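Trainee: Below: one structure in structure tokens.
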Amino acid sequence: MTPTLCWRQYGCLFLLLALHQPSPGVAHPPPTPSPGPAHCRGCPYFLPTATEVTTAVGAAANLTCGVRMLGDRQVSWIRRQDLHVLTTDSFTYTTDSRFRAIHVKTSPYWVLSIRDPSVSDSGVYECQVSAQPKIFKRFNLEVVVPQATIIGASAMYMKAGSNLNITCVIKGAAAQAAPVTWFHFNPTSRSSSSVLEELNSGGRGGIQLVTDRRAGTSWLLVTNATWRDAGNYTCAPEHAIPDSVSVHVVDEESPAAMQPHLQASTALPPSSASSSSSSSSSSSSSASFSSFIKPPLSLLCSTQTLSLILVFLMRLFFKIIDFPRGFEFSRQRESVAAAL
């Protein structure tokens, strides 16, 4: 092989290699995203929506199912507990009027609305799409009974003129809790109207209500409390079990009344406490009895002394008067005896 022919062959080979290598610094375009799932272009698929729904008893619940690329297919809601078809598209197939299908035209979201749910409505619900093969998405509904709890003891003691602050926490409620209503019951009220009243910030001066519905907490503040503010306060959230606290307002601070728990902690043992209580009660009763009967006894003693003195003087008086007659009678008796 001649040198000229060899150079031509290797020169062509180097030229091909140089043209085949990509030029450095040139970015490749990203791949075009698929509008549907990777396994089926054009097939329906579900949108990300909340599958865990918690609501309170009586508070409406909505299960939202989002579907893209639906085409002419239908969306149905199935209750897994009894495999009952509740809705299909916008039609409701159950006799229970609490269930209703909600869908806005051209919207990819299909909603199953449950009005006034009960604890028995808790369970799994399926959003099914009539595709081939059939696809579905499951939702878990939990219906709970919220409980209102007032923080602190069941009885509160406070001095007149101080501020009353009550905190109520709603446990077991959904993220968007129901509104809270406060009630006040004062059995010692002198008003002619009902002693049970609903409290609000627009009532008498000095009452403030603050409720954080997302946190499930409500605060009641009463400034410069008086005897009219004593009684029972009830925290009553909607669709929840209420809770109450008893408030006592005293004019003067009494350690025994303001802090009853200290009495329990510093109490004596049962035997010594009973003996000391019995002895103290007996001594106190004896003292009260002595103080009660002392004036009558002294009066009785003085009356008896005067009566004895009076009887003694009367007997002495009659003896003095009757002395000559007795002397004469004794002389006669002695003379008769001598004659015999």
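Trainee: To the nearest 10 Å², what's W227's accessible area with a 1.4 Å probe?
Mentor: Counting only protein heavy atoms, W227 exposes about 90 Å² to solvent.
Trainee: Each label point is 7 Å from the Cα along the Cα-to-Cβ direction; what then is the distance between the points at A160 and A50, in nm?
Mentor: Here the answer is 5.0 nm between the modelled labels.
Trainee: Suppose R0 equals 56 Å; then what is the FRET efficiency for V104 and S246 from their Cβ-Cβ distance, rounded to the nearest 0.05?
Mentor: 0.60
Trainee: Now for a different question. What distance in nm lies between label points placed 7 Å from Cα along the C-beta direction at D212 and S122?
Mentor: 2.7 nm
Trainee: Identify the residues of the range 60-85 with backbone N under 15 Å of a label point that sits 7 angstrom from the Cα of S130 along the Cα-to-Cβ direction, or state none.
Mentor: 70-78, 85
Trainee: I would also like to ask the following. Averaging over every viewing direction, what projected area does the convex hull of the Cα atoms of the range 101-190 cover, in nm²?
Mentor: Average projection, Cα convex hull of the range 101-190: 11.3 nm².
Trainee: Then there is this: From the residues Q128, V145, S118, which one has its Cα farthest along the dipole of the range 115-156 in the positive direction, the dipole being from +1 and -1 charges on Cβ of Lys/Arg and Asp/Glu about the Cα centre?
Mentor: About the Cα centre, the residue reaching furthest to the positive side is Q128.
Trainee: Starting from the Cα-Cα distance between S97 and E238, subtract it from 0.36 nm times their residue separation and give me the gain in nm to one decimal.
Mentor: 48.5 nm
Trainee: Shifting gears a bit: Within the range 124-167, which residues have the backbone N less than 15 Å from the label spot 7 Å out from F185 along Cα→beta-carbon, could you tell me?
Mentor: Only 155 pass the distance filter.
Trainee: Take W219 and Q74, extend 7 Å from each Cα along the Cα→Cβ direction, and tell me the distance between the two endpoints in nm.
Mentor: 5.5 nm
Trainee: OK, next. How do K159, K105 stack up against each other in accessible area, from largest to smallest, with a 1.4 angstrom probe?
Mentor: Order by accessible area, largest first: K105, K159.
Trainee: Counting only residues 5 or more places away or on other chains, whose amide H sits under 5 Å from the amide H of L164 once H atoms are built in the peptide plane?
Mentor: V222, T223, N224, A225
The values are calculated or read from the model by the stated rules, or taken from the named source; none is laboratory data. Everything numeric here is computed off the predicted structure, so don't read it as measured data. No Cβ is skipped: glycine too gets one built from the backbone with ideal geometry, and neighbour counts run over all protein chains shown. For the accessible areas, the whole protein counts, side chains as well, though only heavy atoms, and no ligand, DNA or RNA atoms are used. Shrake-Rupley method; radii C 1.70, N 1.55, O 1.52, S 1.80 Å.
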